[in-house]
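Asks: Structure provided below as C-alpha cells; questions to follow.
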Amino acid sequence: MKIISPIQGEVLKEINEDTYESLSKKYEAACIAQKKWKEIPLKNKTQVLEKFCELTEKHKDTLARDLTLEMGKPLKESHQELKSSRARIKFFIEQAEKYLSPGLQKDDGRTQDILELDPLGVIANISAWNYPYNIGANVWAPALLTGNAILYKPSEFATLTGLHIEKLFLEAGLPEGVFTTVVGGGAIGIALCEMPLDGYFFVGSYKTGKAIAENVSKKLVPVGLELGGNDPLYVTDEVKDLNEVVDSALEGVFYNNGQSCCAVKRIYVHKNKYEVFIHAFTEKAKALKVGNPLDESNQQGALARVSHLTYLEELIQDAQKKGAKLLAGGRRILEGSQGEDLSKGAFFEPTVLGSVTHQMRIMKEEPFGPVIGVMSVQDDAEAIRYMNDTEYGLTAAVYSSNIERAKSILKQVESGTAYINCCDRVTAYLPWNGRKHSGLRGTLSFLGFYEFVQPRGWQIRN
Ligand code: NAD
C-alpha cells in the first residue's frame, strides 16, 4: 500500500497491507491479551494511558509532521489535535474511578444486589482520517480503561499515524496484543466485520457505517456509529457583534479545510442581517491564506484526497446551474501565494456561494471541503424548517444574544449537539452522538464509558 501525501503527491512510504491470515493472527493475540488486561487494576490501566499522553507530548513534532504530511492539515492544527486528544484521554482517566465501580446497589439483609461492569472483549475501531488522534481517543481511552482489547483500523489516509499510535501504546507499557493496528483499506475493514469480534466502533461516512451495521448485525454485538453531518448555522437578527459572528462562522466552516464531521456545512442568515453578513464573510474567506501546510504562515493546507476535488467542483457546478452566485473561490489551486507549484496536491480555494436554495446539492449533502452555501431566511420558523431539511443530525448552531430564543429554536432542530453562539467544537464532558443518519450510540462524557461494557447483575444470598 502506498502512502501518498496530498501536499505534493509524493509517496511517503510503502507498507504491506494486512491479509486475512495476518488479521486472524492479530485477532488471536488480542483474545489472549484481553483476558489478562481486563484483570489489571484500574490504577495500572490509567498509568499506561498517562504515559501514552506523556509520549505524544514528547514526540509531538514528529507526530504532528507526519499527520500533516499524510492528510494535509496545517501543522498548527496537527499540534492542536494532539493536545486536544490528550485532554480527552485525561478526562476519562479522571472520571474512571467514579463511573466504573458501581458495586452494591441494594442490600435488604437477605439478598445483595451488586452491579458489575464487564468489558465487551475484543473490539474493532474502524476509523476516519480527519482527526485520527481525537476520534481515536474517544474510543481507545474508555475501551482500554474498561478492559477491552482493540483492533484499530485507521483510515488508509492516516496509516502512518495509526502505526505511530500502536508503537506509543507499547512504549507506554500496554501489553502486546491489547492495542493492534490493522493496515489496509475498505477490504480489510470488511474482513474485520467478518471476524467474531465483540463490538464495532466506527467513525466515518453514513454509507460505510450503514454497510458495517448491516454486515455485523447477525452477531448481535454492539455497533457504535459516528457518522457524517450536514451541520447548519443560523444567524438571527439579534446578535451583539456581527463581526464576531462572522469570525466564528468562518472558523466553523474552514477549519481543517471543512473536513470535520461538525464543520458548519450550511449558513442561514436572518434577512435583516444577510447583506452585511455575506459581504464580511466573503471578504474574510477570500483573505484566507492557502498553501503548503508545513509553512506555518498558511491558514489552510491541502485536502486529504485529490479525488475529492472533483466532487467539490460538481457541487459548485450544480449550484451555479440552479442559480447560485459564486462569491468567492470555486477552483483548484495550482500555485501557492509564493509561486510554489501546488498542482500535484489537493488544494482548493475557500468557496462561498450566495443565493442558494434547497434544490441545490450543496445544501443537502455533506461537502466535507472548503465550500459553503449562505442563504437568507425570513424568520425563525423558516430557518428551523431548512435546518431540519437534511438526512443528518449531528450538530446545529444558532447565534443570538437572546439565549432563550436560541434555545427555543434549537429544541425544534434534530441534532445531537446544540451550539449557542459557538460552533464546530467538541468537549469531552458532553456526549458526542448524532441523530438520524449521523449515527447510533456515541462516545465522550461519562456515558462514553458505557459503550464498552456489558453489565452483570449479581444477586447474592449468603
Ligand atoms: P469512510 O466511510 O470512507 O471510511 C472510514 C473507514 O471505513 C476507513 O477506515 C475505511 O477504510 C473503512 N471502510 C471503508 N469501507 C468499508 C467497509 N465496507 N467495511 C468496513 N470498513 C470500511 O469515511 P472517511 O472518508 O474516512 O471519513 C469521512 C467521514 O467521516 C465524513 O462523513 C465525516 O463526517 C465522518 N466523521 C464523523 C465523525 C463523528 O464523530 N461523527 C468524526 C469524523 C469523521
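We did not get these values from a lab; they are worked out from the coordinates using the rules stated. The structure displayed is predicted, hence computed values, not measured ones. Because the Cβ atoms are built from the backbone with ideal geometry, glycine has one as well, and the counts that use them run over all protein chains shown.
Asks: Could you give the semi-axes, largest first, of the ellipsoid that matches the stretch 141-195, computed as the square roots of 5 times the alpha carbon gyration tensor eigenvalues and rounded to whole Å? The partial results should precede the final answer.
Replies: Numbers: eigenvalues 79, 41, 14 Å².
Taking √(5λ) for each Cα gyration eigenvalue gives 20, 14, 8 Å.
Asks: For the chain, count all C-alpha to C-alpha pairs, find those more than 37 Å apart, and express that count as a whole percent of the total.
Replies: Numbers: 30119 of 106491 pairs.
Every Cα pair in the chain considered, those over 37 Å come to 28 percent.
Asks: Please sort by residue number the trypsin sites (Lys or Arg not before Pro) in the stretch 217-254 whose DSSP state is loop and whose Cβ has at most 13 other Cβ atoms within 10 Å. Mind showing how you got there, number by number?
Replies: Details: sites: Lys218, Lys219, Lys240; in loops: Lys240.
Within the stretch 217-254, the qualifying trypsin sites (Lys or Arg not before Pro) (loop, at most 13 other Cβ atoms within 10 Å) are Lys240.
Asks: Here's another thing I want to ask about it. Just subtract the alpha-carbon distance of Asp107 and Ser205 from 0.36 nm times their residue separation and send over the number in nm, one decimal. Provide the component values of the computation, followed by the final result.
Replies: Values: separation 98, 0.36 × 98 = 35.28 nm, distance 4.69 nm.
Extending this stretch completely gives an extra 30.6 nm.
Asks: Report the GluC sites (Glu not before Pro) located in the stretch 261-336 that are in a DSSP loop and have at most 13 other Cβ atoms inside 10 Å of their Cβ, or state none.
Replies: Working: sites: Glu275, Glu283, Glu296, Glu313, Glu314, Glu335; in loops: Glu296.
In loop regions of the stretch 261-336 (DSSP not H, G, I, E or B), the sparsely surrounded GluC sites (Glu not before Pro) are Glu296.
Asks: Next up: With angles folded into 0 to 90 degrees, how steeply does helix 307-321 sit against the dominant principal axis of the chain? Use alpha carbons for both and round to 10.
Replies: Once rounded, one gets 40 degrees.
Asks: Another question, then. Calculated from DSSP H runs of 4 or more alone, at -39500 (n - 2.57) each and per residue, what is the 222 nm mean residue ellipticity of the chain, nearest 500?
Replies: Details: 13 runs with 177 residues, N = 462.
The helix contribution divided over the chain gives -12500 deg cm²/dmol.
Asks: For the stretch 373-444, what class follows from the C-alpha gyration tensor (a ≥ b ≥ c being the square roots of its eigenvalues): rounded when a/c is under 1.5, otherwise prolate if a/b is larger than b/c, else oblate?
Replies: Working: a/c = 2.15, a/b = 1.40, b/c = 1.53.
Judged from the Cα gyration tensor, the stretch 373-444 comes out oblate (a/c at least 1.5, b/c at or above a/b).
Asks: For the charge dipole of the stretch 148-270, defined by +1 on Lys and Arg C-beta atoms and -1 on Asp and Glu C-beta atoms about the Cα centroid, which residue among Ser205, Val178, Met195 has the Cα displaced farthest towards the positive pole?
Replies: Positive-most Cα among the choices belongs to Met195.
Asks: Under 1.5 on a/c is rounded, so check that first for the stretch 31-70, then, if it is not, pick prolate when a/b is larger than b/c and oblate when it is not; a ≥ b ≥ c are the square roots of the alpha carbon gyration tensor eigenvalues. Walk me through the numbers before you get to the answer.
Replies: Values: a/c = 5.87, a/b = 2.10, b/c = 2.80.
Cα axes put the stretch 31-70 in the oblate bin.
Asks: Right, here's the next one. If you take the charge dipole of the chain about its Cα centre, with +1 on Lys and Arg Cβ and -1 on Asp and Glu Cβ, which of Ile165, Ser445, Leu67 is farthest toward its positive end?
Replies: Ser445
Asks: I've got another one for you. Might you report the magnitude of the Cβ-based charge dipole of the stretch 38-166 about its Cα centre, with Lys and Arg at +1 and Asp and Glu at -1, to the nearest 20 debye?
Replies: Numbers: 17 positive and 18 negative charges, 64 e Å.
Computed charge dipole of the stretch 38-166: roughly 300 debye.
Asks: While we're on this one: Might you report the magnitude of the Cβ-based charge dipole of the chain about its Cα centre, with Lys and Arg at +1 and Asp and Glu at -1, to the nearest 20 debye? The partial results should precede the final answer.
Replies: Working: 55 positive and 59 negative charges, 136 e Å.
Once rounded to the nearest 20, the dipole reads 660 debye.
Asks: Rounded, prolate or oblate: which fits the stretch 9-106, taking a ≥ b ≥ c as square roots of the Cα gyration tensor eigenvalues, rounded meaning a/c under 1.5, else prolate when a/b beats b/c? Working shown, then result.
Replies: Details: a/c = 2.99, a/b = 1.35, b/c = 2.22.
It comes out oblate by the Cα gyration axes.
Asks: Order by neighbour count: Leu192, Leu100, fewest other Cβ atoms within 10 Å first, most last. Numbers along the way, then the final one.
Replies: Values: Leu192 26, Leu100 19.
Taking fewest neighbouring Cβ atoms as first place, the list is Leu100, Leu192.
Asks: Projected onto the charge dipole of the stretch 287-340 (+1 at Lys/Arg Cβ, -1 at Asp/Glu Cβ, origin at the Cα centre), which of Val290, Ser307, Gln320 gives the Cα projection farthest towards the positive end?
Replies: Result: Gln320.
Asks: Kirkwood Rh over alpha-carbon pairs of the stretch 337-462, then Stokes-Einstein at 37 °C and 0.692 mPa s: what D in µm² s⁻¹, rounded to an integer?
Replies: Details: Rh = 18.0 Å.
Answer from the Stokes-Einstein relation: 183 µm²/s.
Asks: Also, quick follow-up: Taking the Cα atoms of the stretch 27-172, what is the range of coordinates along each of the three principal axes, in descending order and whole Å?
Replies: Computed over the stretch 27-172, the largest-to-smallest principal extents equal 63, 31, 24 Å.
Asks: Rank these for me by crowding, Met363, Met195, going from fewest to most other beta carbons within 10 Å.
Replies: Working: Met363 27, Met195 17.
With the sparsest Cβ surroundings first, the list reads Met195, Met363.
Asks: Ratio to report: Rg/Rh of the stretch 135-259, with Cα atoms as the point set and Rh obtained by the Kirkwood method; give two decimals. Before the final figure, lay out the partial values.
Replies: Details: Rg = 18.7 Å, Rh = 17.1 Å.
Ratio value, two decimals: 1.09.
Asks: Something else about it: Charges only on Cβ, +1 for Lys and Arg, -1 for Asp and Glu: so what's the dipole of the stretch 218-322 about the Cα centre, in debye to the nearest 20? Before the final figure, lay out each step's value.
Replies: Working: 13 positive and 15 negative charges, 109 e Å.
Roughly 520 debye for the stretch 218-322.
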